[in-house]
Amino acid sequence: QVQLVESGGGLVQAGGSLKLSCTASGIIFSINTMGWYRQVPGKQRELVADITSGGNTNYADSVKGRFTISRDNAKNTVYLQMNSLKPGDTAVYYCNAHVQTYATSGRYLGNYWGQGTQVTVSS
């Protein structure tokens, strides 16, 4: 009932910037926390940053001061502005959202993931 669609990944040189976007669609009553995770082959998916519906943010230590997460509640969209990118930021980035949605069994809180977008930072 809920889909997350990401955009904005790509190839950039070290020191450059990228902005990721993720929009939720479907049957949505409200969205609680939205966030970005990343994963490299052979490693667990890790939190990059998340943001509550009220705008409180949380960042991984490795991206503090370089990445900024924001959201537009009216558009059900979360953004990740990534500056001063490093080769170590290379990964597949996944959008995540905790969404109040509805099924035949009633209203419930679901945890949803986007399909992932590749970010590659060259040295």
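The values are calculated or read from the model by the stated rules, or taken from the named source; none is laboratory data. Everything numeric in this text was worked out from a predicted model, so none of it was measured. When we count neighbours, we look across all protein chains shown, and the Cβ atoms used for this are built from the backbone with ideal geometry, even at glycine. The area values use the complete protein model at the heavy-atom level, side chains included, leaving out ligands, DNA and RNA. Shrake-Rupley method; radii C 1.70, N 1.55, O 1.52, S 1.80 Å.
General remarks:
- Amide hydrogen proximity for residue 58: with H placed 1.01 Å from N in the peptide plane, the residues at 5 or more positions away or on another chain lying under 5 Å are 50.
- With contacts taken as Cα pairs under 8 Å and at least 6 residues apart, the chain reaches a relative contact order of 36 percent.
- Distance in nm between pseudo-label sites at residue 100 and residue 46 (7 Å out along the Cβ direction from Cα): 3.4
- Amide proton proximity set for residue 16, modelled H, under 5 Å, gap of 5+: 85
- Working from the Cα coordinates of the stretch 1-86, the gyration tensor eigenvalues give, after taking √(5λ), semi-axes of 23, 14, 13 Å in decreasing order.
- Residue 61 exposes around 130 Å² of accessible area when a 1.4 Å probe is run over every protein chain in place.
- Measuring only protein heavy atoms, the 1.4 Å probe finds residue 102 accessible over about 110 Å².
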